[in-house]
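For reference, the structure discussed in these notes is given below.
The values are calculated or read from the model by the stated rules, or taken from the named source; none is laboratory data. Quick caveat, the model's predicted, so the values are computed rather than measured. Note that we place each Cβ from the backbone using ideal geometry, even for glycine, and neighbour counts take in every protein chain shown. To get the accessible areas, we keep the full protein, side chains included, count just its heavy atoms, and leave off ligands, DNA and RNA. Shrake-Rupley method; radii C 1.70, N 1.55, O 1.52, S 1.80 Å.
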Amino acid sequence: MIDTPEVYGGLELDKATSMLVAEKISTVGSFSVTYSPHTGIGTAALVYYGTKEQKEKYLQKIISGEWVARYCLTEPDSGSDALGPRPPRTLSADGKYYLLNGTKQFITNGSFASLYTIFAKIDKEHFTRSSWKGTRGAVGGGRGKKLGIRGTSTTQIVLENAKVPKENLLGTIGRGTRSPSTS
Ligand SMILES: Cc1cc2nc3c(=O)[nH]c(=O)nc-3n(C[C@H](O)[C@H](O)[C@H](O)COP(=O)(O)OP(=O)(O)OC[C@H]3O[C@@H](n4cnc5c(N)ncnc54)[C@H](O)[C@@H]3O)c2cc1C
């Protein structure tokens with residue numbers, strides 16, 4: 001709730017407060033790695049770029065903890081090189097959905113989260129993000145074995161013609177890498 005505007009049920013506190021809470025929680029390794037993608041990267045794009053309708057539909061459930069968020073950027077061939085080649089998303093024949101294919105890699109909260117903030121390229125070049133409460137077409141892999149922070153869920157998500165409604169795009173097509181100050 002800390003970073004979410006009051007109008008959507010949040011506390012609308014400042015970033016210093018948010019950092020203080022993150023710092024305190026960081027001493028509890030696995031919990032902190034579960035909590036941060038949910039409250040931070042998994043929710044931020046919705047707060048910054050979501051339309052009023054998207055926020056009303058999703059934010060309340062996210063900040064109350066009813067739903068958990070996950071952030072899906074990394075792919076097997078695209079880690080540090082986050083803008084690297086990745087499968088395009090194409091519009092469905094009826095023009096209502098983007099169809100996503102490919103694999104997301106190392107996704108925290110992958111096995112149990114409800115809401116995806118997901119990145120893909122439209123027409124092979126326009127890097128774009130969207131918010132999606134999807135299940136059809138997305139299959140979570142088993143919980144990966146790790147050397148540390150073993151209490152977290154880190155999985156692959158396999159997308160096979162996963163249908164993301166057009167109205168779920170977050171922000172402008174092709175501006176998925178922009179921060180609020182540059183978009
Ligand atoms: C526990 C865990 C949780 C994660 N959770 C998420 C998540 O929730 N969502 C998500 O999208 N991603 C997540 N990730 C993925 C993470 O963001 C990537 O692992 C990260 O971006 C690095 O990508 P990579 O693993 O493919 O490594 P690579 O990009 O292949 O890098 C391997 C090594 O090469 C080095 N390297 C890479 N490029 C260069 C270069 N140009 N010059 C010099 N050195 C270079 C790197 O520093 C690194 O040492 C998670 C990862 C882990 C380990």
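Tabulated results
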read-out	value
Residue in segment 109-117 that is within 12 Å of the chain's Cα centre (by Cα), at pLDDT 85 or above and on the phi > 0 side of the Ramachandran plot present	yes
Residue match in segment 51-68 (condition: within 13 Å of the ligand (Cβ to nearest atom) and touching a residue at least 24 places away in the same chain (Cβ under 8 Å))	yes
Pairs where the first residue, in segment 149-166, is closer than 23 Å to Ile122 by Cβ and the second is in a strand (DSSP E or B) and more than 16 Å from the ligand (Cβ to nearest atom), C-beta under 6 Å, 6+ apart	Val158/Val139; Leu159/Asn101; Asn161/Leu99; Lys163/Tyr97; Val164/Tyr98; Pro165/Tyr97
Condition met for Thr17 (within 16 Å of the ligand (Cβ to nearest atom), of a type in the set (Ser, Thr, Tyr) and in a helix (DSSP H, G or I))	no
Meets criteria (within 18 Å of Trp132 (Cβ to Cβ), in contact with a helix residue (DSSP H, G or I) (Cβ under 9 Å, 6 or more places away or on another chain), within 12 Å of the ligand (Cβ to nearest atom) and not assigned by TED's automatic domain parsing to the domain that holds Ser153) for Gly42	yes
Segment 70-127, residues that are out of contact with any Pro (no Cβ under 7 Å at 6 or more places or on another chain), open to solvent by 30 Å² or more (accessible area, probe 1.4 Å), within 16 Å of the ligand (Cβ to nearest atom) and assigned to a strand (DSSP E or B)	Phe106
